[in-house]
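Report on one structure; see the data block that follows.
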Amino acid sequence: MPKPDHETPCRQFLQPGEVLLQAAQYEAYPALPLVPAHLRVPRKKSQLEKRVWGVFSSAVEKASRPLGTVARSRLANNPVTRVAGNIAEGINEAQETIEDALDDAAEYAMYGKPMEGGWTSMAGRFHVQLTNAGGEPRHQAVTDRRLFVVTDHATGWRERAPELEVAVEVPRTDIAQLRPKPRTTFPRGRFDLVFTDGSWIALSCSFQRDMEALVGAFYGR
C-alpha cells in the first residue's frame, strides 16, 4: 500500500519562500479537555445543512403538541411538581458528576496528562483556535518558519473533494520544543508541543515513525 501523501496538501499553504521540512497525518490526541462553551464559536452550516435543518425544524414544529397555557401554568406552579423536578435534577447532576470523574480518571490512566496551561496560555489558545476552526483533522507540517495543522471541511455522508484550511499555526519563535512522548499503549505517535510560556499540548501522528520524522525535521535531523 502506498504511503499517504501529506506533503502535497500542505504545500499549497506555504508562504512565499517558506520551506516545508516535514508533513504527517494529524490526529487529535485523545482526552484533550473540552473547550468551555463561552470560548467556542458556533460552527458555520453549509447551504445543504441549512436546508436540511430547515425542513427538519418545520417537521418537528408541526408534529409537536405543546400543552395549553393553563395546563402549563398549573404544572409549573404545583409544589409537588416543583419538588419532584428539583430532586430529579439533583440526582441526575450528581450521577453525571460521578460518571465524568470516573471517565476522566480512566482517560488519564490510559493517555496521561494531555495539556498544561490555562485557556489564556499559548497552549490553551492553540486548542481553542483549533477547536473553533472545525473540520476533520488531516495534516500537520513543520516548516522553516512555523508548525501548522490542516483540517478538512468537506465532511458529511457524501464523498466530496477535500476543502482544506489551515486551522491553527504557531511561529517557531513561540515553540520552546517538540517533545517526543511515545507510549507503550495507543497512540504511540504522541509528542508535546511546548510553548515559550511553559504551557504545552499533546499532538499526535498516526505512527511513531511519523512523529519521530516530524520532530527530527524540526531540529534539523
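Of all residue pairs spaced 6 or more apart or on separate chains, those with beta-carbon atoms under 9 Å, a first member in the stretch 13-30 that is within 18 Å of residue 172 (Cβ to Cβ) and open to solvent by 60 Å² or more (accessible area, probe 1.4 Å) and a second member that is among the polar types (S, T, N, Q) and part of a strand (DSSP E or B) are 15/143; 19/143; 21/143.
Would you check if residue 196 is within 20 Å of residue 20 (Cβ to Cβ) and either within 17 Å of the chain's Cα centre (by Cα) or modelled with pLDDT of 95 or more (or both)? The answer is no for residue 196. Those strands (runs of 3 or more DSSP E) of the stretch 111-175 that lie entirely within it include none in which at least 3 residues are in contact with a Cys (Cβ under 9 Å, 6 or more places away or on another chain) and open to solvent by 30 Å² or more (accessible area, probe 1.4 Å).
Scoring residue 209 on the criteria (1) under 12 Å from residue 24 (Cα atoms); (2) of a type in the set (Lys, Arg); (3) touching a helix residue (DSSP H, G or I) at 6+ places or on another chain (Cβ under 8 Å) leaves a single failure, condition (3).
Residues of the stretch 179-203 that are open to solvent by less than 20 Å² (accessible area, probe 1.4 Å), small (Gly, Ala, Ser) and either part of a loop (DSSP other than H, G, I, E, B) or farther than 12 Å from residue 112 by Cβ (or both): 189, 199.
The values are calculated or read from the model by the stated rules, or taken from the named source; none is laboratory data. Just so you know, these numbers come straight off a predicted model, no measurement behind them. Because the Cβ atoms are built from the backbone with ideal geometry, glycine has one as well, and the counts that use them run over all protein chains shown. Note: areas computed on protein heavy atoms with side chains; ligands, DNA, RNA excluded. Shrake-Rupley method; radii C 1.70, N 1.55, O 1.52, S 1.80 Å.
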